[in-house]
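The values are calculated or read from the model by the stated rules, or taken from the named source; none is laboratory data. Keep in mind that this is a model prediction, so the values were computed, not measured. Heads up, the Cβs are rebuilt from the backbone with ideal geometry, glycines too, and the neighbour counts pull from every protein chain shown.
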Amino acid sequence: MSSESSSAGQISTTTTVSSVAVQAGDCQIVIAVLKCGKWVQLQLAESIPNVLEIGSNQDETKKLLQDHELLLAKLKSLEDQVWDLLREADKTAEENKDQSQVYDAMAETLGDAWDSLIIVLEKRRALLKLTSEFFENALEFAIKIDQVEDFLQNAQEFESTESLRELLQQHDHHTKELLEKSLVLLNKSQELTDFIEEFKSDGPNVNPELVHGAQSSRLKIDSLLELLQDRRRQLDKYLKQQRQGLEQVLQICQWHHQENQITSWYKKNIKHYLHKQDLGSSLAENGDLLHEHKEMEFKVKEWNSTVERVKAEALKILFSEDYAEKEHLKLSNQKMNLLQEEVCHRMGERETLLQEANNFFTAANKVLDVLGGVEAYLKLLNSEGLSLPILAGKHEDLQKEIKDCTADALQKGQTLMNKGDTHGSWVTGIQETIEYIQKRADQLIRQCPAYKELALKKQQLTVSLEDCLKKVSASIKKISPILSVGMDPGSCLSESEEALDKYLELDSQAKETAHELEAAARIITEVEEFEPEEVAAFSSKTDHLNEELKTLTKNTNSKLEVLKAYVAFLKSAEETHVHAQRLKEFYNSKPVQPDDEAENKTVMEAADFQWQMVLKKILSTQDMGRDFLNLVNMVRQQFLAL
């Protein structure tokens, strides 16, 4: 090896004075002693392996480091020779003072050269130690990769959500450790690479052998890194896939856990309440039940909020394409939907029933207040001694008030009772209240008898009046045909008397009919007190019948008057005939005695008296006959005038 340099205008040549080979194991270095003018330098002429060469693995690197340590130890043994050489140079310099500067320069350059050589070898040791650490980190990283691969290859079984969470924690732990190991290795590789680059570039001249060694070392580093990182990236992919699957399973398990919590909370807090059917037996009890329902509504609202959140999570899972095996979740979500709908329906239904019951009990209380007022008013009316019509009017108004005020409450109660047919015995309180209201109403209505009494009285009077008027009408219809035909007085006294009896009977019937009509008039007067609007029709009919009866009575009286006069005439004529016959018989039985004037005088006086009687009777009969004829003419004229 030679080189040229300029000093003080002269050209100096570099010559190899000597060389030293040092070997330890598989490592060997050759150190050359170079001289150029007055300068002496040590140079690492050869290194096997290359100074920047590293092992391919941990074992090789350790072997290189071990050999290098031995090499350094051997160099230490040469250090005394170097210092002996330096001392000899110092001694020579003292002996040759004229060349002392030359020897001093030689000693200085030789010392610097030795220090530089040791530094290079120390860096080589540092490089090997750093490489050993790198391979150690790589080994740890590889072991971790193997562990994770075993972890992924083994069947991942879990029995509960907790064990699944533990499995995911193991995933996190492995992923974290992989990342940590990878980061440590990358940092160490970067540190090692930087160290090699710095080592390669150290010094004014770039040594081609160092460049080659650096490239070889970086290639080993990069190859190992690439291999391990490829495995890590593959593991990351599998870890991510498996973790995604496990997270999906966990999410579904958590969803089912939330579903179970929702169902359990429903069974514990809502289900029992929804089976409650009691509506209360009073307004106070119903109010307490309504308050309880409001509190339950608040709980159900919170429960519904949780249900909606869980349903939203279910929909998110169901709409996600990443999830498989969704059918069970879909069915569970549908069941929860149905449960929520049922709860909302049952809560709404119970609220409606409770509110309707509240309306009923409120109306019932108002009814009882009204009935209490009616009862008090009835006591006051009964103490005032009112007339039947007035009292009946009051009672009628009270009955209407009782029926009107109870109708709404009873209607509401009956509506609830009809709903209760399909809900069991929860309407007992409603039934009892309805029965109590009905009982109170019936009792108060029974305390208002005047209305019925008046109605009965009206009915009785109406029936009596109609009966009287029917009798009068029937009697008139019976008499009228008889009076409408011509009267036959008969041709003898017996026939006349028979005719007279007939008309006397008609007159008696007419008088009885008049009595009935008078009774009807009295009834009308009494009815007028109770039902003035019905009196007009009866009065009109009564007046009509009264006019007919008056006409019949007048007709009857006229015919009776004629018949009586005719019968009296016939009787008088018959009596006159009897008296005349007696007078004739007297004359025939008492002849005149010529020789007895006194007897004759007595007989004549008796005969004269009887004659006077007969004459008087004849004259009276004649008068009766004339009166009869006059009466007949007068009656005929009256009928003709009609």
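Please count how many residues of the range 340-354 are closer than 19 Å to Thr433 by Cβ and loosely packed, with under 14 Cβ neighbours inside 10 Å.
Residues that pass the stated criteria total 1.
In the range 260-287, which residues are surrounded by fewer than 12 Cβ atoms within 10 Å (Cβ to Cβ) and under 27 Å from Ile430 (Cβ atoms)?
Correct list: His272, His275, Ala284.
Residues that are touching an Asp or Glu at 6+ places or on another chain (Cβ under 7 Å), in contact (Cβ under 8 Å) with a residue 60 or more places away in the chain and crowded, with 18+ Cβ neighbours inside 10 Å: does the range 369-377 have at least one?
yes
When you go through Ser281, Ser305 one by one, which is the residue that is assigned to a loop (DSSP other than H, G, I, E, B) and either over 30 Å from Lys394 (Cα atoms) or not assigned by TED's automatic domain parsing to the domain that holds Gly393 (or both)?
Values: Ser305 fails: assigned to a loop (DSSP other than H, G, I, E, B).
From the options Ser281, Ser305, the qualifying one is Ser281.
Would you mind stating whether Asn337 is more than 30 Å from Gln447 (Cβ to Cβ), of a type in the set (S, T, N, Q) and surrounded by fewer than 18 Cβ atoms within 10 Å (Cβ to Cβ)?
It is true that Asn337 is more than 30 Å from Gln447 (Cβ to Cβ), of a type in the set (S, T, N, Q) and surrounded by fewer than 18 Cβ atoms within 10 Å (Cβ to Cβ).
Picking from Ser484, Ser496, which residue would you name as being over 60 Å from the mean Cα position of the chain (by Cα), small (Gly, Ala, Ser), at pLDDT below 75 and surrounded by fewer than 17 Cβ atoms within 10 Å (Cβ to Cβ)? First the steps, then the outcome.
Details: Ser496 fails: surrounded by fewer than 17 Cβ atoms within 10 Å (Cβ to Cβ).
So the residue among Ser484, Ser496 that is over 60 Å from the mean Cα position of the chain (by Cα), small (Gly, Ala, Ser), at pLDDT below 75 and surrounded by fewer than 17 Cβ atoms within 10 Å (Cβ to Cβ) is Ser484.
Which ones in the range 142-168 are at pLDDT below 85 and either surrounded by fewer than 14 Cβ atoms within 10 Å (Cβ to Cβ) or within 30 Å of Asn57 (Cβ to Cβ) (or both)?
Phe151, Leu152, Gln153, Asn154, Ala155, Glu157, Glu159, Ser160, Glu162, Ser163, Glu166
For the range 415-426, what are the residues that are surrounded by fewer than 13 Cβ atoms within 10 Å (Cβ to Cβ) and either at pLDDT 80 or above or of a type outside the set (D, E, K, R) (or both)?
Asn418, Thr422, Gly424, Ser425
Take the residues in the range 208-248 that are under 15 Å from Phe134 (Cβ atoms), of a type in the set (A, V, I, L, M) and loosely packed, with under 15 Cβ neighbours inside 10 Å, then tell me which one is farthest from the chain's Cα centre (by Cα).
Checking each candidate, the answer is Leu219.
Hey, can you tell me all the residues within the range 320-344 that are part of a helix (DSSP H, G or I) and either modelled with pLDDT under 75 or among the small types (Gly, Ala, Ser) (or both)?
If the condition is that a residue be part of a helix (DSSP H, G or I) and either modelled with pLDDT under 75 or among the small types (Gly, Ala, Ser) (or both), then Ser332 is the only one that fits.
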